[in-house]
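Novice: Mind having a look at this structure? Questions to follow.
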Amino acid sequence: MSEEQVLLETAVTQGKGNQSTAKKRIGLIATGIIGGSLVALYAVTAPFVTPALRKICLPFVPATTTQVENVLKVLRTRSGTLVDIGSGDGRIVIAAAKRGFHASGFELNPWLVWYSRYRAWREGVHHSTSFHISDLWKVSFAQYSNVVIFGVPQMMEQLELKLSSDLQSTAMVVACRFPFPSWVPDQMAGEGIDTVWVYDAKTFKTPLQGQTEDKLTSTS
């Protein structure tokens with residue numbers, strides 16, 4: 001074999017080795033990118049998913065435009081403070097602030113709370129809104145004169161007891177998607193999934209006050 005042939009075969013062998021190394025590097029880079037993307041995706045979506053895995057939860061389902069309009073419609077003669085329990089992306093709180101309410105939202109999902117604060121700032125109502133990362137069962141709502149709740153059926157009975165205990169007799173409660181099981185609504189607005197039920201605290205506190213206190217005492 002001539003010297004030229006030896007050099008040629010050596011060059012070919014080295015080229016194949018370099019190609020193999022390059023492919024391995026590309027594979028490692030691709031694996032890293034995919035893995036990093038999955039980690040980032042989990043970090044973003046996990047707070048949205050995990051609340052739905054709790055025994056009693058408020059899964060994030062954005063309010064429709066009609067639902068927001070119905071809430072504001074039944075509160076048109078009201079003023080003062082408003083709280084949205086399970087405030088999600090903040091649309092109810094922001095809409096209420098634009099109508100003159102000093103509105104607050106309580107939400108367990110930190111991503112949604114941060115996004116709500118950004119939206120409030122962008123809409124120019126950050127001075128009349130506040131958003132809190134908190135468990136609704138650990139908060140007193142006594143200071144609020146208007147309460148909005150997008151609940152789920154399995155929590156409504158327990159929430160009846162809490163709100164009956166927390167709220168002043170001048171408060172009003174607006175339930176969206178699901179009504180309270182024992183309370184009789186003073187009015188309703190909308191239809192289907194956009195229905196809202198309105199409860200006057202004077203109506204539900206008086207007959208249930210003694211029963212509520214007894215239940216809370218027995219469970220404490």
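The values are calculated or read from the model by the stated rules, or taken from the named source; none is laboratory data. It should be emphasised that the depicted structure is a prediction, and the values quoted were computed from it without experimental measurement. Don't worry about glycine lacking a Cβ; one is built from the backbone with ideal geometry, like all the others, and counts go over all protein chains shown. In case anyone asks, the SASA skips ligands and DNA or RNA and just uses the protein heavy atoms, side chains included. Shrake-Rupley method; radii C 1.70, N 1.55, O 1.52, S 1.80 Å.
Novice: Give the residue that is modelled with the lowest pLDDT, with candidates limited to residues of region 95-138 that are over 16 Å from Thr81 (Cα atoms) and basic (Lys, Arg). Spell out the reasoning first.
Specialist: First, pick out the residues of region 95-138 that are over 16 Å from Thr81 (Cα atoms): 107-124, 133-138.
Those left that are additionally basic (Lys, Arg): 117, 119, 122, 138.
On the way: Arg117: 97, Arg119: 97, Arg122: 96, Lys138: 91.
Across region 95-138, the extreme among qualifying residues is Lys138.
Novice: Looking at region 98-110, is at least one residue under 20 Å from Asp166 (Cα atoms), open to solvent by 20 Å² or more (accessible area, probe 1.4 Å) and part of a helix (DSSP H, G or I)?
Specialist: no
Novice: Working only within region 126-160, note down all residues that are assigned to a helix (DSSP H, G or I) and open to solvent by 40 Å² or more (accessible area, probe 1.4 Å). Before the answer, list the steps.
Specialist: Step one: filter region 126-160 for residues assigned to a helix (DSSP H, G or I), giving 126-128, 136-138, 153-160.
Answer for region 126-160, where residues must be assigned to a helix (DSSP H, G or I) and open to solvent by 40 Å² or more (accessible area, probe 1.4 Å): His126, His127, Trp137, Lys138, Pro153, Gln154, Glu157, Gln158.
Novice: Something else about it: Pairs under 7 Å by beta carbon, first residue without any contact (Cβ under 8 Å) to a residue 12 or more places away in the chain in region 106-127, partner open to solvent by less than 70 Å² (accessible area, probe 1.4 Å), six or more apart or different chains?
Specialist: That search, which allows pairs on different chains as well, returns His126/Ala120.
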